[in-house]
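Since the structure comes first, as structure tokens, the remarks are kept for the end.
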Amino acid sequence: MISIAIPTGVLLEGSLDLLRRAGAADLDQEEIGRKLLVEKNSLRVVLVKPADVPAYVDHGSADLGFAGKDQLWESPGGHYELLDLGFGGCRLIVAVREASPLNGPETWPPTLRVGTKYARATSEYMAGLGQPVEIVRLHGSVELAPLVGLVDAVVDLTQTGRTLRENRLRVVAEVGHSTARLIANQASLKTRTLSVQQLVTRIREAL
Amino acid sequence: MRATQESALAEMRRWGYRYVITPTLESLDVLALGLDAGELRRLFKLTDADGSLLALVGERTIPVARLVAGRLRAAPLPLRLCYAGPVLTTDSGRFTRRREAYQVGAELIGASGPVADAEVIAMAVRCLDAAGLRQYQVDVGHSEFFQGLLDGIALPADLKPGVKAALARRDFVALEALLDETPLRSAEHELLLRFPALRGGPEILDAGGKLVRNRRSERALSELARVHELLGAHGLGQAVALDLGAIRDFDYYTGVIFEGYGPDVGRPLAQGGRYDALLARFGREAPATGFMIHLDRTGELMRRTTEGPELTWLDAAIAWTSSGLEDAIRLAASLRMFGMRAVVDTQPRSLAAALAWREAVGARHLLHLAGSGRAAWAAADRGVRRLPTDRVVEQLATLPRAVGGVPGEAGGGGL
């Protein structure tokens, strides 16, 4: 029996679709949403919060996992990142108020105050630019923070840019591009090589 | 955990490895000779009275290397040494806030080649065996195989650090993107991308041999083949897999590398390999190989797989009433002389209360002394018998001894 962790939220539909096309498990959203853990055709599928997928995989509680690259930036660990699954595409961007005088990195103040859920990716990106930064860790409604003067800029994910426009924010820089990835526990690749590799191959072929 | 450490050290002694004690606090300059920038950053550091920087060790191979090049410099090579102790890191990891971990390890210094490599791998496996692990697997790879591939694919110089970094992060998505930028594609490219899948029995060496076109990788393959043969002679054919995709600390390891895994533990229990470049940095050039066991992970696995705590870790619980105390003390001393583990109660107890106390302390035998020159003896599986006190020792000495380590270790919660 091997197990795979899949994320709730925006990546769920694409994840279930991919498992179906790979012939691994045919699950509907409602069923997995209700049970959180389903075993079918000697595959155990567990449904966890997107940010928790790397933890399940790194610890070996799941052999494989589907995780957004944005989560992997925040939780680099002992896992193998095997495949770009292509779906769930979005950009991690730096955004400011429409009326803000700030534009590209050359216009940023000596210390930029940034609100984000992605503290690690943000500090790495800013360090790469040589931009001193004060990070305010936020957990939701990140768009609000610059509007009320809490921060100069936010670093957040955007797919279409609509939420940003609705909150009168504009993009001034891109930190990275994220898609869903297939990750694997390092020990699972060694101790359950055959069954793990077989599933990886089927997923690769279904892409 | 202690029990795992003791059994591993006992096994190492059987292989002729001598125990050495190395400091937990080292000069930062010394540790810097063997660590990369990231590892150095993760050390706990403090300042000495004269302003020099000290650090708590994050691993124990470097202190052993220093010992061999320093205090033991007159000792003829090869040296077989083993050690145990805590290591510290500021990186608290994802699963625990604990920054202190325990390792037991061994180093074979001054011997190169597959014979030494196989000895160390076989000993690592026997140590896991001795610790009581029944299911395990060892993955053997070779750091030069990968280095040869990197040479072989004529990577543009500006891409090389990125490729190494991606492999170190095991990020094959980034790796593929980088390799797409290289002008020439060869079989060796494909090999690099299939890295995590290059694992199996000796047939993987033939498969790899057909695809590589460089001396470094070819030599690595032939060394691996020899190590695999020798591990067969060590009786380990079953537990060993060859893993050409093993990638770890490229700048440290110079030859055969290996990792040991247990069931349902997401991380390796034992790790090791050849590091021929380290000793020279301390002024005594010598090939070396070694390994260490993560005691925390192994101990955790043992706790999960053994059923409940080992209840009978004592041989004898000795209770007494009224004038029986001095007999009890003398009896305990005699039992200890025969190598048995014995505890004397600290307060008088009736026989009935003593039977309950025996359960609580977890002893195989209860002896109750009331000062009459006779003892009441209750074995775990039998009723109470009475016999003269001076015959207790000869009776007990012929029976099987208690096993198990320290109470609480096996079950995790204490007795």
note = A careful count of residues in the stretch B:14-50 that are surrounded by 14 or more Cβ atoms within 10 Å (Cβ to Cβ) and in a helix (DSSP H, G or I) gives 6
note = All conditions in (1) surrounded by fewer than 18 Cβ atoms within 10 Å (Cβ to Cβ); (2) among the charged types (D, E, K, R); (3) touching a residue at least 60 places away in the same chain (Cβ under 8 Å) are true of B:Glu190 except (3)
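Out of the strands (runs of 3 or more DSSP E) lying entirely within the stretch A:4-71, which hold 2 or more residues that are surrounded by 22 or more Cβ atoms within 10 Å (Cβ to Cβ) and within 13 Å of the chain's Cα centre (by Cα)? Spell out the reasoning first.
Values: elements: A:37-40, A:43-48, A:64-68.
Passing ranges, in order: A:64-68.
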query = Could we say that B:Glu59 is of a type in the set (Asp, Glu), in a strand (DSSP E or B) and touching a residue at least 24 places away in the same chain (Cβ under 8 Å) here?
reply = no
remark   = Counted residues in the stretch A:125-177 being out of contact with any strand residue (DSSP E or B) (no Cβ under 9 Å at 6 or more places or on another chain) and either part of a strand (DSSP E or B) or of a type in the set (D, E, K, R) (or both) come to 3
Subset of the stretch B:82-125 [of a type in the set (Asp, Glu) and modelled with pLDDT of 90 or more] = B:Glu107, B:Asp117, B:Glu119
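Quick one: which of A:Val200, A:Val114 is β-branched (Val, Ile, Thr) and either in a loop (DSSP other than H, G, I, E, B) or over 30 Å from A:Leu19 (Cα atoms) (or both)? Let's see the steps before the verdict.
Details: A:Val200 fails: either in a loop (DSSP other than H, G, I, E, B) or over 30 Å from A:Leu19 (Cα atoms) (or both).
The match here is A:Val114.
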query = Could you say whether any residue in the stretch B:71-83 is surrounded by 15 or more Cβ atoms within 10 Å (Cβ to Cβ), without any contact (Cβ under 8 Å) to a residue 24 or more places away in the chain and more than 30 Å from A:Ala51 (Cβ to Cβ)?
reply = yes
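Could you tell me whether B:Val68 is closer than 19 Å to B:Tyr275 by Cβ, assigned to a strand (DSSP E or B) and away from chain A (no Cβ under 14 Å)?
In short, no.
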Filtered residues of the stretch A:10-56 (kept if aliphatic (A, V, I, L, M), within 14 Å of chain B (Cβ to nearest Cβ) and over 18 Å from A:Thr179 (Cα atoms)) = A:Ala55
ask   = Exactly one of (1) within 14 Å of chain A (Cβ to nearest Cβ); (2) within 25 Å of B:Gly70 (Cβ to Cβ) is unmet by B:Ala241. Its number?
value = (2)
request  = Return yes or no: is B:Leu279 under 30 Å from B:Glu144 (Cβ atoms) and part of a helix (DSSP H, G or I)?
outcome  = yes
remark   = Taking the stretch B:107-147 and keeping residues among the β-branched types (Val, Ile, Thr), away from chain A (no Cβ under 14 Å) and more than 15 Å from the chain's Cα centre (by Cα) leaves B:Ile109, B:Val115
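Mind listing whichever residues of the stretch A:72-90 are assigned to a loop (DSSP other than H, G, I, E, B) and farther than 20 Å from A:Val196 by Cβ?
Within the stretch A:72-90, A:Ser75, A:Pro76, A:Gly86, A:Phe87, A:Gly88, A:Gly89 qualify.
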remark   = With the first residue restricted to the stretch B:10-38 and required to be at pLDDT 95 or above, and the second required to be basic (Lys, Arg) and surrounded by fewer than 18 Cβ atoms within 10 Å (Cβ to Cβ), Cβ contacts under 8 Å at 6 or more apart or on different chains are B:Tyr19/B:Arg13
query = Do any residues in the stretch A:140-160 that are within 18 Å of A:Arg120 (Cβ to Cβ) have Cβ atoms under 6 Å from those of residues that are modelled with pLDDT under 90 and assigned to a helix (DSSP H, G or I), where the two are at least six apart or on different chains, and which pairs are they?
reply = none
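Mind telling me which of the residues A:Leu150, A:Leu164, A:Leu138, A:Leu169 ends up being farther than 30 Å from B:Leu198 by Cα, surrounded by fewer than 18 Cβ atoms within 10 Å (Cβ to Cβ) and aliphatic (A, V, I, L, M)? Break it down into steps so the answer makes sense when it comes.
Values: A:Leu164 fails: surrounded by fewer than 18 Cβ atoms within 10 Å (Cβ to Cβ); A:Leu138 fails: surrounded by fewer than 18 Cβ atoms within 10 Å (Cβ to Cβ); A:Leu169 fails: surrounded by fewer than 18 Cβ atoms within 10 Å (Cβ to Cβ).
From the options A:Leu150, A:Leu164, A:Leu138, A:Leu169, the qualifying one is A:Leu150.
The values are calculated or read from the model by the stated rules, or taken from the named source; none is laboratory data. Because the structure is a prediction, the values reported are computed rather than measured. Backbone-built Cβ (ideal geometry, glycine too); neighbour counts: all protein chains shown.
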